[in-house]
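> After the structure tokens below, expect a handful of questions from me.
Computed from the coordinates by the stated procedures, all read-outs in this text should not be read as laboratory data. The structure presented is a predicted model; accordingly, all values stated were derived computationally and were not measured. Cβ atoms come from the backbone with ideal geometry, glycine included; neighbour counts cover every protein chain shown.
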Amino acid sequence: MPRTLARKDPTAFKTLPLLVEANADGLVYQTFGLPLNFRQVLARRRPINVPDPHHFTAELANLGVSVRLTLNWQGREYWILVRQRREDRGDTVLKLISGYVPSHELNLPLLTAIQEVAEECLVETTDGWLGGRFGATWLPTPYEDALRYREASHFALTPLSGAARPVQAGSLRLLERPRAYVHLPTASLQLVYDMSLELPRDARDVSLYHVDERLERGPLVARLDRRRPDLYLLPLDHGHPSGELYTLNQGELCKAATRGVWLAESFARQEGWVVRDERIRFRDWMDQWPSGKGTSGKGTLRKPAMA
């Protein structure tokens, strides 16, 4: 049986729509208009178009953040992906850990990003669940009423190299240099932070689980289902994805099927500041990697969006 970890009132979430200006030198976003709750944000996430993907001004529904986590496990690196059934788009995809940025963090979206890691990526060990730290900042423990977190041990988040083009929240430049794209089908701005996740040396029999909130006839409900961990590891070979997927249960890697798997839009082709697709087939994404890394063995030299 799935275990309920938390319930939230969706009307408590507030954010603001954005005005975005993008050009060859960078991207600047600022807020405008009246606050929106969760349902109002979903209602505004409708397709838009821009005449030039490299230079435009657009009004957007919301700001979102994603985190590409790289885990080092037993001497090998893995990207962490999570499975999500997207009710508003009628599909199921593997995606990066991600979430909506509330109004009080629109100028500091990194705070939302690390909180999403704490909420969506759960690490269980023999001695209990792990909290985390980002530098000197402790991550929240959102399910402490339902789970027993370890006090003497934690995982560590570390920022990796950022994107080349700057992003600004008004006049404030985001120092972490997240990758940014405007997703046209949902009229949203997404910031992608690159980070590593390091487990403590004393972590034994590690299991990884994804917990996501779903809107259920009123409240947002977060549930843990041990039978469906919904968190996947994508192994890397010299920085390139291998084309395999695994889950991690009690310290053992379990191979997962890739047939029929789709990835979210953050993996799709980016043109300028724009992503036009809703999703991309896993095998098609793998075929973009160089030196025959794709699953069909016909890799090209075109650089994928996630490289």
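> Taking 7 Å along the Cα-to-C-beta vector as the label spot, tell me the Arg39-Cys254 distance in nanometres, rounded to one decimal.
3.8
> If you don't mind, there's one more thing I want to ask. For the chain, what are the per-bin percents of Cα-Cα distances with bins 10 Å wide, up to the bin holding the maximum?
Computed distribution, short to long bins: 6, 27, 36, 25, 6, 0.
> Counting other beta carbons within 10 Å of each Cβ, put Arg86, Arg276, Arg201 in order, fewest first.
Numbers: Arg86 13, Arg276 17, Arg201 7.
Ranked by crowding around the Cβ, least crowded first: Arg201, Arg86, Arg276.
> Please report Tyr193, Tyr246 as a ranked list, fewest other C-beta atoms within 10 angstrom at the top and most at the bottom. Write out the running numbers ahead of the final one.
Numbers: Tyr193 28, Tyr246 17.
Arranged by neighbour count, lowest to highest, Tyr193, Tyr246 become Tyr246, Tyr193.
> Got the relative contact order for the chain handy, in percent, Cα pairs under 8 Å and 6 or more residues apart?
On the way: 714 pairs, mean separation 61.1, N = 307.
Reported as a whole number, the value is 20 percent.
> Another question, if that's okay. Plugging the Kirkwood radius over Cα pairs into Stokes-Einstein for the range 1-116, at a temperature of 37 °C and a viscosity of 0.692 mPa s, what D comes out in µm²/s? Walk me through the numbers on the way to the answer.
Values: Rh = 16.6 Å.
D = 198 µm²/s.
> Assign one of three labels to the range 78-171, namely rounded, prolate or oblate, based on the Cα gyration tensor with a ≥ b ≥ c the square roots of its eigenvalues; rounded applies when a/c is under 1.5, prolate when it is not and a/b is larger than b/c, and oblate otherwise. Write out the running numbers ahead of the final one.
Numbers: a/c = 1.76, a/b = 1.25, b/c = 1.40.
Oblate shape, in that a/c is at least 1.5 and b/c is the bigger or equal ratio.
> Karplus couplings for the range 269-278 from phi (6.51 cos²θ - 1.76 cosθ + 1.60, θ = phi - 60°), rounded to Hz, Gly and Pro as x?
5, 10, 10, x, 9, 10, 10, 9, 8, 7
> Based on alpha-carbon centroids, what's the gap between the range 4-57 and the range 109-165 in Å, whole number please?
Measuring centre to centre over Cα atoms gives 25 Å.
> What FRET efficiency, computed as 1/(1 + (r/R0)^6) with R0 = 22 Å and r the Cβ-Cβ distance, is obtained for Asp284 and Asp237, rounded to the nearest 0.05?
Working: r = 19 Å, r/R0 = 0.87.
Calculated transfer efficiency: 0.70.
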